[in-house]
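The block underneath contains the structure these notes are about, expressed in structure tokens.
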């Protein structure tokens, strides 16, 4: 089951309304390397001039491409057409298409926001996992390519088969075991959904909650770093340019109270469309009340499954709720549901 809640103060259809300003308008430095890495790992053919053209002739990569083509063909045939139809019918109002998409508890799930909100100017994703860095072509060439690419395939396997990432698996994969964070799977999902990465930079939040550039190996002076990555990408079909941020942050009340920089950043995210999926019912609990309240106060629309914000928090005086699908009960008792994001 899915639900779309629309703030009554922000109507969905607002023909003639001036587009919402994009607060994240500064482009990243243009550099094709992130796109080349993403295509190599995603099993997509290299563009002319790629540093990975020779590596793609190796049997290990040819096998990697063949395996990923098989997995992607299933989701492209079965899932993506329905998602695109839902987007066109339910999410095409100008107030949504012009808004920034906020996706807390996202993991590296760039696929869903790129498909469901293809016209949005910017996306802000937040998860527990580190942002990660790009490996050099020399580092990749020095690996046991067959073993490494097999591990890379496991990092997006649950997304392609279940449509969400599993937290326990991410803990085993994205903290140095396969990659050092989520940058690489984000790239893979974007290039496989027909996008081109234009450039990137490593970022963090300063004490005032402003996005600033950082070194790849930046070490925060305290225990909270709010480290992230910023990338610009282009939709191949219409050449539109979009910006995506991923920040590593703990969204529990206990951690948010200590993280004034992130709270200030959240305050700046007014008029967003919030997307919630496979959140393990965390916002049903008191210890996630702060992020729940920020979403309800900041969002012009919330698209979620039943694991997101409990229905009764959407006050009828402010929200217009549209439900989709059938719902019986949580798939497990709320206090026993394993964490996913």
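Coordinate-derived values only; no laboratory data. In this text the structure is predicted, and so the values were computed from the model without any measurement. Neighbour counts are summed over all protein chains in view; Cβ atoms, including those assigned to glycine, are modelled from backbone coordinates with ideal geometry.
Structural remarks
- In terms of surrounding Cβ atoms within a 10 Å radius of their Cβ, 292, 58 rank from fewest to most as 58, 292.
- Nearest-ten-degree value, helix 59-78 long axis tilted from longest Cα axis of the chain: 30
- Per residue, the average separation of C-alpha pairs within less than 8 Å and at least 6 apart gives region 187-275 a relative contact order of 29 percent.
- For the chain, the antiparallel share of DSSP beta bridges with both residues in that region comes to about 65%.
- Springs join every pair of Cα atoms under 10 Å in this Gaussian network model of the chain, and among 150, 54, 85 the largest mean-square fluctuation is at 54.
- Relative contact order [Cα under 8 Å, 6+ residues apart], region 193-341, whole percent: 19
- Across the chain, the volume of the C-alpha convex hull divided among the residues equals 138 Å³ per residue.
- Computed on the Cα atoms alone, the convex hull of region 23-149 gives a volume of 147 cubic angstrom per residue.
- Ranking of 219, 270, 243 by count of other Cβ atoms within 10 Å, fewest first: 219, 270, 243
- The chain: angle of helix 145-155 to the longest principal axis, Cα-based, in degrees nearest 10: 10
- The distance separating the Cα centre of region 83-139 from that of region 243-288 comes to 15 Å.
- Shown for 283, 316, 83: other C-beta atoms within 10 Å of each C-beta, ranked fewest to most, produce the order 316, 83, 283.
- Helix 183-192 axis, angle to the chain major axis (alpha carbon atoms, nearest 10°): 90
- Cα gyration tensor category, rounded, prolate or oblate, for region 242-282 with a/c compared to 1.5: oblate
- With contacts taken as Cα pairs under 8 Å at a separation of at least 6 residues, the chain carries a relative contact order of 26 percent.
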